[in-house]
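Everything below concerns the one structure shown next.
The values are calculated or read from the model by the stated rules, or taken from the named source; none is laboratory data. What you see is a predicted model; the values in this text were computed from it and never measured. Because the Cβ atoms are built from the backbone with ideal geometry, glycine has one as well, and the counts that use them run over all protein chains shown. Please note that ligands, DNA and RNA were not included when accessible areas were found on the heavy atoms of the full protein model with its side chains. Shrake-Rupley method; radii C 1.70, N 1.55, O 1.52, S 1.80 Å.
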Amino acid sequence: MTRRPLVAGNWKMNGLRASLAEIKAMGAAYDEALRARAELIVCPPATLIAPAAEAASRGGLGLGGQNCHAAENGAHTGDISAEMLKDAGASYVIVGHSERRADHGETDAIVQAKAAAALRAGLTPIICVGETRAEREAGDALGVVGEQIEGSLPADAPEQIVVAYEPVWAIGTGLTPTLADVAQMHAFARERIEARLGRGKSATVRILYGGSVKPANARELMGVANVDGALVGGASLTAKDFMAIAAAYR
Ligand code: 13P
């Protein structure tokens, strides 16, 4: 089973127009040799998607949003629909990031509705799951992630969807799970995706690892079985670090 690796940058609430230079540099460094081995996307703040689409136009670098509303349009002040992200030039959208689950009370049901909205709009959802430190210490990591997969993936989702495993305690902390823990969780996640979507699809779904991915640890993390790429936060803000991480696939 060949899954095309995906390296995705999540800029979170960072980036002004001056940062478009980084996206331009990423597009320029995303050469044919790397394109043959891995897909590369950046998810800047929504304000930068349209200009980023222009800046990245020739290189094959893809773009994504960081969140969307479940509805197509309507009276939802301040929200952005999946259709709007698509219209601005995105082909992906992150849904259910732990920061949104925590800051905005997003439940699995809400995340599932957002993932369905992304698919309706023709976007590929990157559906995030991951346990907190307390949950891992209590021995509940697998149970929590299993439940999030069950509740957050639309039952009829196609095999193009992406799942990102991001242990909350590894985000922005410099901490990462052991390679054995990553292997165990990704194998378990694939089983749970299979239970949710069925075997044919599960083998094709890409499962990304996210949480303190850096140039120094990318190669070993990306080398773990069932790790089909990375969701990178802080280290995706500069072309230099992001491309050094993507180089794990060269
Ligand atoms: P860091 O790479 O900064 O730890 O963030 C990970 C993340 O949350 C990506 O979505």
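When the residues of the range 228-238 are filtered to those that are hydrophobic (A, V, I, L, M, F, W, C) and open to solvent by less than 10 Å² (accessible area, probe 1.4 Å), which remaining residue is farthest from the ligand (Cβ to nearest atom)?
Ala230
Among the residues of the range 102-128, write down those that are farther than 22 Å from Met84 by Cβ and either open to solvent by less than 10 Å² (accessible area, probe 1.4 Å) or part of a loop (DSSP other than H, G, I, E, B) (or both).
Those that are farther than 22 Å from Met84 by Cβ and either open to solvent by less than 10 Å² (accessible area, probe 1.4 Å) or part of a loop (DSSP other than H, G, I, E, B) (or both): Gly105, Thr107.
Can you tell me which residue among Thr173, Thr132, Thr178 is open to solvent by 30 Å² or more (accessible area, probe 1.4 Å), more than 21 Å from Arg4 (Cα to Cα), out of contact with any helix residue (DSSP H, G or I) (no Cβ under 8 Å at 6 or more places or on another chain) and within 16 Å of the ligand (Cβ to nearest atom)?
Thr173
Restricting attention to the range 197-223, and to residues there that are surrounded by fewer than 20 Cβ atoms within 10 Å (Cβ to Cβ) and of a type outside the set (Gly, Ala, Ser), which single residue is farthest from the ligand (Cβ to nearest atom)?
Taking the candidates together, the pick is Arg199.
Which residue out of Ile80, Ile49 is among the aliphatic types (A, V, I, L, M), open to solvent by less than 50 Å² (accessible area, probe 1.4 Å) and under 21 Å from Arg120 (Cα atoms)?
Ile49
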